[in-house]
Amino acid sequence: MNSVVEAVFHHATFSPDKLCLADENRDVTYSQYRDEILRLVSVLQNRGISKGDKVVVEASQTIDFLGLELALHLLGAVFVPVERNCAWSKTQRIAQMSSAELVVTQKENGSLLEAKTATLAQIVLERENVPQALSTHFPLKDEVSEILFSTGTTGTEKGIVITHDNNLALAENVICGVSMLEDNVEMIPSPLNHSHGLRRYYSNMVKGATVVLATGVMNVKLFFDMVDRYRVNSFDLVPTALSVLLKLSKGKFGEYKDVIRYMQFGSAPLSDTDMKTIRALLPKTRLFNFYGSTESGCICIFDFNTDCDKPKCIGHPTCNATIVIVDENRTPIRSSKDHTGFLASRGRMNMRGYWQDQTETDRVMADGYIYSNDEAYIDEEGDIILLGRKGDVINTGGNKVSPDEIEDAAKMHPSVADCGCIGVPDPIKGWVPKLYVQLKKGYSFDPVSINSKLMELLEPYKIPAYIEEIEQIPRTFNGKLLRRVLREKNG
């Protein structure tokens, strides 16, 4: 088996009536999903999409969105997802960076773009009026399946090139890590443009299990109605989603303590408070923290409900991952609490490289390893202890936010002469942006007005939680922002 789409078609042949996917509006069996994918291939072909073409798609927690992705894979095209409600300027930028042939959005947009555009609703309507494509030439393992644009540790958008074999290896890491069974029914409210949610979906498809999609967790009644309707027995959550559910559901998870096999978390660390709460509610449930990145995927796993309780422990490598600790020169070391280094990983799940950026690829990858800026060591029991990350990118609720982007937007306000953004701790989101602004002469500090401007230009999760006036933004003689000084000022 060479790809996720081939796995879906395999299960459609041998388990045609098994429930494959459910969203908030409908559900499909494996055979129904296969048939929809084949019709979507016809739609794409009619629109001139062929092997190797890049297609940007705005995400949604729907069967239609995921079906379009696998249709692209079956056609040999490259899937380029962007987040739901993505700013049009960002969608345009990613379309240009990826040389996209088609952009599929959730809503119509009249702005000019070199690539052709369509809405997902238009694609779905066309699907109902075309025959199934006859071609079932599955992609090869080493062919590119997707480009995932992410704000990396340098704070700039980078296209992470993923192959079909990368996705299979990542699926195997999850399947083995959580001991997934064929009768798994997993709820995934995590955004499907993000590697975390996508890869949990892939894992269930490879295993032949069932995925239930939810658009976030704010509608707690709908969330648990779907849990009951589809007999959900496992969950994939980002820490912010768990925090919301714990606060709004008032202990309801405890009603499922004999049903839920596991919960898996990723994208950001869980707060100690939420960790203790969920352990108390689900004493027999396996509670997994996955560690990884878009570049290398889930490479470490830790069950914090049954494994030994160690601060900052990320557990042990997943089945396809080899982990080493290296020094500043990338030489492997025998690490310890008093002799730490940086985490590096090797395995089939590692990305091919960064899209059209060999320099950055060479900076991060060498000899089959991806080298991180995460400081870590391996203790006497063989557990990996993660101490923290170098760099300035703010990880807020699982979303990586570039402070540069916030600063550029803030400078569009007429009162802002200069500004600097840092991440500050937050009990729910882990970290949130804080913006320091230096005003132009003659202006008074108006954080509400600045915030309104930012809301026009940025996605909601990028809006600073705090805006503070500062007399002078600290910079070096050549103009480089001294974020360290801002962090010291914040305490």
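The values are calculated or read from the model by the stated rules, or taken from the named source; none is laboratory data. Values in this document were obtained by computation on a predicted structure and should not be read as measured data. Because the Cβ atoms are built from the backbone with ideal geometry, glycine has one as well, and the counts that use them run over all protein chains shown. Surface areas here come from the heavy atoms of the whole protein model, side chains and all, with no ligands, DNA or RNA. Shrake-Rupley method; radii C 1.70, N 1.55, O 1.52, S 1.80 Å.
Between residue 107 and residue 456, what is the label-point separation in nm under the 7 Å Cα-to-beta-carbon projection?
1.7
List the equivalent ellipsoid semi-axes of the chain in whole Å, largest first, each obtained as the square root of 5λ for an eigenvalue λ of the Cα gyration tensor. Could the numbers behind the result be given before it?
Values: eigenvalues 241, 165, 111 Å².
Here the semi-axes work out to 35, 29, 24 Å.
Looking at the chain, what % of its DSSP beta bridges pair antiparallel, to the nearest 5? Provide the component values of the computation, followed by the final result.
On the way: 55 of 88 bridges.
Within the chain, antiparallel bridges account for around 60 percent of the total.
State in Å² the accessible area per residue of region 1-101; use a 1.4 Å probe, count heavy atoms of protein chains only, and round to the nearest integer. Can you show the working numbers first?
Numbers: 3340 Å² over 101 residues.
Normalised by residue count, the accessible surface of region 1-101 is 33 Å².
Can you list the aspartates and glutamates whose alpha carbon sits under 12 Å from that of residue 441, skipping same-chain ones fewer than 8 residues off?
Excluding near neighbours in sequence, the set is 418, 471.
Using a probe of 1.4 angstrom, how much of the accessible area of region 323-366 is carbon and sulfur, in percent? Kindly include the intermediate steps, with their values, before the conclusion.
Details: 1160 of 2590 Å².
Answer for region 323-366 is 45 percent, counting heavy atoms of protein chains only.
Skipping prolines and chain starts, which residues have an amide H placed within reach, meaning under 5 Å, of the one on residue 105, given they are 5 or more residues away or on another chain?
Here the answer is 58, 118, 119, 120, since their amide H atoms fall under 5 Å of that of residue 105.
Given a 1.4 angstrom probe, I'd like the percentage of the accessible area of region 12-73 that is carbon and sulfur, rounded to a whole number.
On the way: 860 of 2030 Å².
Ligands and nucleic acids excluded, carbon and sulfur give 43 percent.
Determine the dipole magnitude for region 115-210: charges of +1 sit on the beta-carbon of Lys and Arg, -1 on that of Asp and Glu, nothing else is charged, the reference point is the Cα centre, and the result goes in debye to the nearest 20. If you can, show how the numbers build up before the last one.
Numbers: 7 positive and 11 negative charges, 42 e Å.
It comes to approximately 200 debye.
Taking all protein chains in place and a 1.4 Å probe, what share, in percent, of the accessible surface of region 200-318 do carbon and sulfur account for?
That share works out to 54 percent.
Looking at region 13-164 only, what percent of DSSP beta bridges run antiparallel? Nearest 5 please.
Values: 10 of 23 bridges.
Antiparallel bridges make up about 45 percent of those DSSP assigns within region 13-164.
What whole-number value in Å² describes the accessible area per residue of region 247-319 for a 1.4 Å probe? Walk me through the numbers before you get to the answer.
Numbers: 3310 Å² over 73 residues.
With the other protein chains kept in place, region 247-319 gives 45 Å² per residue.
Which of the three applies to region 307-354, rounded, prolate or oblate, going by the alpha-carbon gyration tensor with a ≥ b ≥ c and a/c under 1.5 meaning rounded? All intermediate terms of the calculation are to be shown ahead of the outcome.
Numbers: a/c = 2.47, a/b = 1.19, b/c = 2.07.
The shape class here is oblate.
Take a quick pass over region 101-240 and tell me how many lysine pairs come in under 23 angstrom between Cα atoms, counting only ones 8 or more apart or on separate chains.
4
Sorted by mean Cβ packing within 10 Å, highest first, what order do the peptides 375-382, 290-297 take?
Values: 375-382: 15.0, 290-297: 25.5.
Put in order of decreasing packing, that is 290-297, 375-382.
To the nearest 0.05, how large is the calculated FRET efficiency for residue 471 and residue 334 if R₀ is 41 Å and r is the Cβ-Cβ distance? Walk me through the numbers on the way to the answer.
Working: r = 49 Å, r/R0 = 1.19.
Efficiency, from the Cβ-Cβ distance: 0.25.
Find the percent of Cα-Cα distances in region 313-451 that exceed 23 Å, and round it to a whole number.
53
Any idea how far apart residue 222 and residue 90 come out in nm if each label point goes 7 Å out from Cα toward Cβ?
2.2
Kindly rank 208-215, 483-490, 9-16 from highest to lowest mean number of other beta carbons found within 10 Å of each residue.
Order by mean packing, descending: 208-215, 9-16, 483-490.
Each label point is 7 Å from the Cα along the Cα-to-Cβ direction; what then is the distance between the points at residue 280 and residue 45, in nm?
5.9
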